[in-house]
Amino acid sequence: MSNENQQPHAQVEPANNKDNVSPFLTDPLPTGAPQGQQQSLQEQLTDTPVHSSVPKYNLPRGANTGNVGPTTHFGYKTVNSEEKAQKVAEVFHSVAAKYDIMNDLMSFGIHRLWKRFAINMSGVRRGQRVLDIAGGTGDLAKVFSREVGPTGHVVLSDINESMLNVGRDRLIDAGCTNVDFVLANAETLEPFEDNSFDLLTISFGLRNVTDKDAALAAMYRVLKPGGRLLVLEFSKPVFEPFSKLYDLYSFTALPIMGKIVANDAESYKYLAESIRMHPDQRTLKSMMENAGFQNCDYHNLTGGIVAVHRGFKL
């Protein structure tokens, strides 16, 4: 179904050691800047503006699926839409250093199995070009780097510089020389050309995006015909008794662990709330279809705590 043997057309040189760090991170994100205003890949490399105007928020349609109007949700709070990106950035800046440790503690290590399942569904092949969106500390990108081999190319992108710094250091230490690191907003994926990736993944990041429909449209744009999108995200438990236990754990244990390990209970309270505000399995499948993806399906993991959604650009 997918065209899995297309060769990549890598645009830039990867960062392959700590003395030759990626130029993508020379400047911090502008404080409080709206999404889409980060400097693009080509601009960071050449200091040449690529676009004559900075894209603004897409404030469309207003359904209860993550589309946004003047206000949106930040966990259970209502905030101005233009403030959400900064609030999410503050959360992940706070937790970046302890992010991987907390993932292991919160999921009892099961997040590694969830990610392995997603990778197995990816159909990734040697020589392919992969974009890991909101890739944070680089768990998936590290595996994809190995799977695509020296003729392939992986881009680890994130809107949050603190998370991307952690991922960059980890992958450079692991010897991943075919990976680039790009500050990019999932709503626009502005640095990337149309039809430029064989595979797109976003793991535990979509629920933090202000306008999920805009993000899915951007993913469809940059994916090659024949390529596939994988969304690994917290979802809705399918068994009601299990759901109640899960709620109890999420709203009591997670903030306590966050306070003890990361000295930040509020960020993990937001985590629990953001999961509850994320579209359920069927809704997200419909949103992917509305963005143009075909043959969409999803697979529940651990009773629906997590789901892997898959869609193709035909």
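Just a few scattered comments:
- Largest first, the residues GLU289, GLU90 sort by 1.4 Å accessible area into GLU90, GLU289.
- Residues of the stretch 232-314: accessible area per residue with a 1.4 Å probe, Å²: 46 Å²
- Applying the Kirkwood pairwise sum to the alpha-carbon positions of the stretch 77-212 produces a hydrodynamic radius of 15.4 angstrom.
- Our coupling estimate for the stretch 86-101, obtained by passing each phi through the Karplus curve with A = 6.51, B = -1.76, C = 1.60 and θ = phi - 60°, is 5, 5, 5, 4, 5, 4, 7, 5, 5, 9, 4, 5, 10, 4, 5, 4 Hz, Gly and Pro reported as x.
- R0 of 35 Å, Cβ-Cβ distance VAL79-THR151: FRET efficiency to nearest 0.05: 0.20
- A simple count of charges around GLU266, restricted to other residues whose Cβ falls under 15 Å of its Cβ and scoring Lys, Arg +1 and Asp, Glu -1, yields +2.
- Overall form of the stretch 131-194 per C-alpha gyration tensor (a/c, 1.5; a/b vs b/c): oblate
- Virtual spin-label span in nm between ALA253 and ASN290, 7 Å along Cα→Cβ: 3.5 nm
- Note on THR177 and PHE239: the model spin-label points, each 7 Å out from Cα along the C-beta direction, lie 4.9 nm apart.
- Estimated translational D of the stretch 211-314 in µm²/s (Stokes, Kirkwood radius over Cα pairs; 4 °C; 1.567 mPa s): 86 µm²/s
- Multiplying the residue separation of ARG126 and LEU113 by 0.36 nm and subtracting their alpha-carbon distance yields 2.4 nm.
The values are calculated or read from the model by the stated rules, or taken from the named source; none is laboratory data. Worth saying up front: this structure is predicted, and the values here are computed from it rather than measured. When we count neighbours, we look across all protein chains shown, and the Cβ atoms used for this are built from the backbone with ideal geometry, even at glycine. The area values use the complete protein model at the heavy-atom level, side chains included, leaving out ligands, DNA and RNA. Shrake-Rupley method; radii C 1.70, N 1.55, O 1.52, S 1.80 Å.
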